[in-house]
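Participant: Dropping the structure in here first, questions after.
Taken together, the values in this text are just the output of simple stated rules run on the coordinates, not laboratory data. Bear in mind that the values here come from a model prediction, so they are computed numbers and not experimental data. Here the Cβ positions follow ideal geometry from the backbone for every residue, glycine too, while neighbour counts run over all protein chains shown.
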Amino acid sequence: MHHNFLFDLDQTLLDFHASEREALEIVVTKHGLMFHEDIYRRFKEYNKSLWLELEKGTISRTELFTMRFNDLIQNCGCDITKFDALKINDEFIYTMSVNGILMDGALEFVKKIKEEIQDSRIYIISNGATVNATGRIRSTGLDKYIDGIYISEALGVNKPSVEFFDICLKDIGEQKGSCIVIGDSLTSDMLGAKNASLRSVWFMPQGDIGKAVSAYNIDYCASSFDELFAILSKWAEHN
């Protein structure tokens, strides 16, 4: 039996927003569209709202990809009929995939887990595009410490659905008690852990922490990699 750590990727180990901004500026500028902070802020907010709808199952991935770039094109004051939103989306995903940016201390953190927590296994569980996620993992060197990667696009289901976690657990092939979910999102990571009856650590918690802990049955909270390592070490000692 191993200690199986199921990590969310974005804003847990990789700085999604830094990669997102860099890639968006490159792609938007390439297509002759203007780029400034208001454009990025709008894209970021709208994109987040669309991913929440995808988690609920109210829109498809193709709809999400089309809608976010049609909205950006319109906000740049251009006619959406003169652009191929899905083509721009593909370019954006590829550009992000070769521009991975680590959260400060993330690489040292996962290396420490492998070196100091006996029988540890590190898995990535992420909603997103496979090329984007796997490319950023490789470009940052995280892949050296990862034992498995589960991406919603490849699995055909999204966090927080129990089906997503069922697929991961079946592939890992060990008991639920040997697994713990670590992530920043309440609506995908923490709700997913709750749905799948798995232990959980809410990383970088914000807002009404007490209310969220109760609502999502969160087991632990951590505000830094040092704090997270201490929690995972202690958990592993008792499991």
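Participant: What distance in nm separates the two pseudo spin-label positions at Met1 and Ile26, each 7 Å out from Cα along the beta-carbon direction?
Facilitator: For Met1 paired with Ile26, the spin-label model returns 4.5 nm.
Participant: So, one more: Can you give the convex hull volume per residue for the Cα atoms of the stretch 53-146, as a whole number of Å³?
Facilitator: Spread over its residues, the Cα hull of the stretch 53-146 gives 121 Å³ apiece.
Participant: Apply the Karplus curve 6.51 cos²θ - 1.76 cosθ + 1.60, θ = phi - 60°, to the phi angles in the stretch 140-151 and return the couplings in whole Hz, x for Gly and Pro.
Facilitator: Once rounded to whole Hz, the list reads 9, x, 4, 4, 5, 10, 9, 9, x, 10, 10, 10.
Participant: Relative to the first principal axis of the alpha-carbon coordinates of the chain, what is the inclination of helix 85-97, with its axis defined by its Cα atoms, in degrees from 0 to 90 and to the nearest 10?
Facilitator: It works out to around 40 degrees.
Participant: For a quick check: sort Arg199, Arg138 by the number of other beta carbons within 10 angstrom, fewest at the front.
Facilitator: The order, fewest Cβ neighbours first, is Arg138, Arg199.
Participant: For Lys194, which lysines qualify as cross-link partners when the Cα separation must be under 24 Å and same-chain residues fewer than eight apart are set aside?
Facilitator: Lys48, Lys56, Lys159, Lys170, Lys176, Lys211, Lys234
Participant: Now a separate question. Using alpha-carbon positions, what is the distance between the centroids of the stretch 29-54 and the stretch 74-97, in Å?
Facilitator: Between the Cα centre of the stretch 29-54 and that of the stretch 74-97, the gap is 10 Å.
Participant: Most fluctuating residue of Ile209, Ile151, Ile172 in a GNM of the chain with Cα springs under 10 Å: which is it?
Facilitator: Of Ile209, Ile151, Ile172, the Gaussian network model singles out Ile209 as fluctuating most.
Participant: For the stretch 105-118, just list the computed ³J(HN,Hα) in residue order, Karplus coefficients 6.51, -1.76 and 1.60, θ = phi - 60°, integers in Hz, with x standing in for Gly and Pro.
Facilitator: x, 5, 5, 5, 5, 5, 4, 5, 4, 5, 7, 10, 9, 4
Participant: Name the most mobile residue of Ile122, Ile80, Ile149, meaning the one with the largest mean-square fluctuation, in a Gaussian network model of the chain with Cα contacts below 10 Å.
Facilitator: Ile80
Participant: Follow-up question, since we're still on this one. GNM, the chain, Cα, under 10 Å: largest mean-square fluctuation among Asp143, Asp15, Asp38?
Facilitator: Asp38
Participant: Using θ = phi - 60° and the Karplus form 6.51 cos²θ - 1.76 cosθ + 1.60, what ³J(HN,Hα) does each residue of the stretch 194-208 get, whole Hz, x for Gly and Pro?
Facilitator: 3J(HN,Hα) across the stretch 194-208, in whole Hz: 4, 4, 8, 6, 10, 5, 8, 10, 8, 9, 6, x, 9, x, 7.
Participant: In nanometres, what is the gap between the two model label sites at Ser233 and Ile80, each 7 Å from Cα along Cα-to-Cβ?
Facilitator: 5.2
Participant: Turning to a different aspect of this structure: Take every Cα-Cα pair in the stretch 16-97 and report what % of them are more than 20 Å apart.
Facilitator: 25
Participant: Another one. Return Cys78, Cys179 ranked ascending by Cβ neighbour count within 10 Å, so the fewest neighbours appear first. Present the calculation step by step, with values, prior to reporting the outcome.
Facilitator: Working: Cys78 15, Cys179 23.
So the ranking, lowest neighbour count to highest, is Cys78, Cys179.
Participant: To make sure I understand, if each residue's beta carbon is the centre and we count other beta carbons within 10 Å, what order do Trp202, Trp235, Trp51 fall in, fewest to most? Show your work: numbers first, answer last.
Facilitator: Working: Trp202 25, Trp235 17, Trp51 20.
Lowest count first: Trp235, Trp51, Trp202.
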